[in-house]
Structure formats: C-alpha cells, structure tokens
Amino acid sequence: MTNRENFLSLIRRKGYERVPVEFVLCPSLEQQIKDQLGTEDYEEYFGFPWRRVEDIRLKDHDVNQYRQYFDPPLAEGADIDQWGIGHEKSPNSMHMTYMRHPLEHAETLEELQAYPFPDFAAGDNSHQKKQVEDIKSRDLIALGDMQMTIWEVAWYIRGMEELFCDMMTDDEMAEFMLDKALEMAKIRAKSYVEAGVDVLFVGDDIGMQHTIMMSEALYCKWIKPRLKELISFAKAINPDVLVFYHSCGFIEPFIPHLIDAGVDVLNPIQSECMDFKEICARYGDQISFHGTIGTQTVMPQGTPEEVKAAVWENLDAAGEMGGLMVAPTHMLEPEVPVENVLAYVEACREYHTEKK
C-alpha cells in the first residue's frame, strides 16, 4: 500500500500494512530532537502520514482593534489572536496562556452583534487547492485543521462562566454566540473541503480530567445540533472527507452523540481519563481513534520499554483491521525524554515485524 492507501484503509477499519507515526513537540523538545538527529523537519524525518493545509487568510484584520474590549488592559507582552482573544504569558507553561475574553463584560445582544468577528468569507483561500495538490503529489494526506470549532470559539470570546449562564437561562446571547461560531466554522470547512482535503480536523474540549464539562442535556441542546449540522454540511460537499474530532479529558457519555453527529475519528482518548480497551470494545465498530498514549504518564514517566508496551497493547486492542492511529495524546512537553519519543516511533515501526 502507498502511504495514502495505508492511512485511509487503517482509519476506515479495512486493514493496514504499517502503523503511522505522529506527534507534536514543544519547542525545547523539538530543539533536542534537532540537535540529536540533525534534522530541521521532524515531520519529514519520521515520515508523518499527513501535512496541514493553511487556513483561510484574513484580509485587513488588525487584531489591535480588540484592545478596547479589555478592562483592565492586557498585560505587557500579551498577544491577541485572530478571534480577538487575549493571551497573557504564563511563567509555568511552554504553550498555555492566561486567556482574556473580549466579550465577558457584554450585557446585551447588541454588544455581541457589534463585535468585529473575523470575516472568513472575505478572506483569501487561493493557496489551499495548490497546497492540497502538492501534499497529495507526495503521497501524503491533506489535513484541514480547524480544532477550536464551535463551543471553544464561543466561550473563548464570551467567557465560559458567562456563556454557561447564557445557556442555562436560554438567553438569546447564547444562541447568537454559538450560531456565529457555527457560521464561521462552515465557511472554513467549505473552503477546506472544496480544496480537496482528505481530513477535516475539528474539535472542542468538552471533558475534564474525571468528568464531563457539561450535562448531556445541555450538550444535546446547544452543542451537538450545531456540530452535526457542520459535519453534514461538510460531507454534503464531499461524503468521503474524514472528520476527526478532538476533546481532551473524560468524554465517554458524549461518544454516542459524537458518533451520531458524524464523527469518523475520535482524538485523543486520554489514557489518564478513559480506558482505551473498554472504549474500543464498546464503540470500535462505529468509530476510529487517534491518540491513546498518555502524555501525563507513560511518555514523561515511563521507560522506553513501557512506552513500547503501551503502543502495542492499544494496537492489539484495536485489532487487525485497524481503527487506531496510535499517537501521544497531546503535545510532548519538556519532561518527556527523547528516548521515549524514539521508543514510540520504534514501537510503531516494529509492530508488524517484532510484535507479530
């Protein structure tokens, strides 16, 4: 099988020949990999099966226009992203920030409606089709990455407490924020799918370490219908596009709803929060998986042998037809030994030879 054939067959649970390798490194660990292996591009070096296609490029979008929404003002050195969300630097994290929500003080629907949301419809997507063609010409999978899709877009801008209050009181502000997030997601999804991506990667964190973030009733009322509409919209353009969905944490009660909404692959099945073998036994004939190797436990704390064992156990659980793109569940942080990164790669490479 070619790389593309192998990937698509594995994800569709039709058998596979090789185990794909994929992970994300924090900057310091990436530098260690570069220094030890002499590579500037670890995705190329390790043969990742996919490459990302760039999102729509916004035109004349000055993020400084959002500074007026922050009272008190943002801390010195803070960044503002394309959504207008402020990110103040955290001394305790390489990639997490203290998030500031520009609409958390809004009290009326009119204030929300006046907010300068990113105008993706007027953006430039002329680069996407060529990027897709270039990626596919290299026997790689073209991926449209739009994680932070509906729920997170809405609460990152509005503030979680404020949006939950809006939702619990059936406030029209909740409907506006979530509908606006869906509207922008549909524009981005349409652009990606029409450009020809193989994978549309969406997602919103809806779980915490040991429990779900909201009740099933609240989820089914506000979030699920919009996710289902987005996926149906994308698959109406191309029924073959594969939809990956990301949520960290414990989300088992939501899995049947995600399947019903049309999700093809669930990421990351965080091993510290859910048992992959149980999840796979229960849902593996309906949905595939991506992740499962703990970045809070085995990757930073285990031995290389334990990393390999975790990879092989989960691949065994998924079975010969596939359905698992095994990978670390999140970014690999500075405390992860390079030896464990290499052990993960070796475990994937060796699975059909050493293990079988």
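This table checks each residue for (1) over 30 Å from Phe7 (Cβ atoms); (2) surrounded by 13 or more Cβ atoms within 10 Å (Cβ to Cβ); (3) not aliphatic (A, V, I, L, M).
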site	(1), (2), (3)
Thr97	yes, yes, yes
Lys130	no, no, yes
Ile135	no, yes, no
Leu143	no, yes, no
Met148	no, yes, no
Ile157	yes, yes, no
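What about Ile269, is it closer than 30 Å to Pro239 by Cβ, within 22 Å of the chain's Cα centre (by Cα) and hydrophobic (A, V, I, L, M, F, W, C)? Answer is yes for this residue.
Does Ala217 satisfy being farther than 21 Å from Met148 by Cα, touching a residue at least 24 places away in the same chain (Cβ under 8 Å) and not acidic (Asp, Glu)?
no
Answer yes or no: is there a residue in segment 72-91 that is touching a residue at least 24 places away in the same chain (Cβ under 8 Å), in contact with a Gly (Cβ under 9 Å, 6 or more places away or on another chain) and over 26 Å from Tyr192 (Cβ atoms). Looking for residues that are touching a residue at least 24 places away in the same chain (Cβ under 8 Å), in contact with a Gly (Cβ under 9 Å, 6 or more places away or on another chain) and over 26 Å from Tyr192 (Cβ atoms), one finds at least one in segment 72-91, hence yes. Taken together, the criteria exclude Asp166 from residues that are modelled with pLDDT under 95 and of a type outside the set (S, T, N, Q). Checked against the criterion of being within 24 Å of Phe250 (Cα to Cα), small (Gly, Ala, Ser) and within 21 Å of the chain's Cα centre (by Cα), the candidates Ala154, Ala195 yield just one match: Ala154. If you go through segment 200-225 and keep only what is surrounded by fewer than 19 Cβ atoms within 10 Å (Cβ to Cβ) and β-branched (Val, Ile, Thr), you end up with Thr211, Ile212.
Does Ile237 meet the test of being within 30 Å of Cys273 (Cα to Cα) and modelled with pLDDT of 95 or more? No.
Summed over segment 41-100, residues that are part of a loop (DSSP other than H, G, I, E, B) and charged (D, E, K, R) total 9.
Would you call Val197 buried (at least 19 other Cβ atoms within 10 Å of the Cβ) and either modelled with pLDDT under 95 or not in a strand (DSSP E or B) (or both)?
Yes; evaluated as a whole, the condition is true for this residue.
Condition first: within 27 Å of Glu54 (Cβ to Cβ) and either loosely packed, with under 12 Cβ neighbours inside 10 Å or in contact with a Phe, Trp or Tyr (Cβ under 8 Å, 6 or more places away or on another chain) (or both). Can you find one or more residues in segment 73-80 that meet it? Looking for residues that are within 27 Å of Glu54 (Cβ to Cβ) and either loosely packed, with under 12 Cβ neighbours inside 10 Å or in contact with a Phe, Trp or Tyr (Cβ under 8 Å, 6 or more places away or on another chain) (or both), one finds at least one in segment 73-80, hence yes. Checked against (1) closer than 30 Å to His127 by Cα; (2) among the small types (Gly, Ala, Ser); (3) in contact with a strand residue (DSSP E or B) (Cβ under 6 Å, 6 or more places away or on another chain), Ser90 meets all criteria but (1). Cys348 fulfils the conditions (1) under 21 Å from the mean Cα position of the chain (by Cα); (2) closer than 16 Å to Val19 by Cα; (3) not acidic (Asp, Glu) except for a single criterion, (1).
Per-residue answers, yes or no, for (1) under 19 Å from the mean Cα position of the chain (by Cα); (2) in a strand (DSSP E or B):
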position	(1), (2)
His210	no, no
Met214	no, no
Ala217	no, no
Cys220	no, no
Lys228	yes, no
Ile231	yes, no
Lys235	yes, no
Asp240	no, no
Val243	yes, yes
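Looking at segment 20-40 only, could you name the residues that are in contact (Cβ under 8 Å) with a residue 60 or more places away in the chain, farther than 23 Å from Asn6 by Cα and assigned to a loop (DSSP other than H, G, I, E, B)? Result: Cys26, single match.
The values are calculated or read from the model by the stated rules, or taken from the named source; none is laboratory data. Since this is a predicted model, take the numbers as computed values, not measurements. Neighbour counts are summed over all protein chains in view; Cβ atoms, including those assigned to glycine, are modelled from backbone coordinates with ideal geometry.
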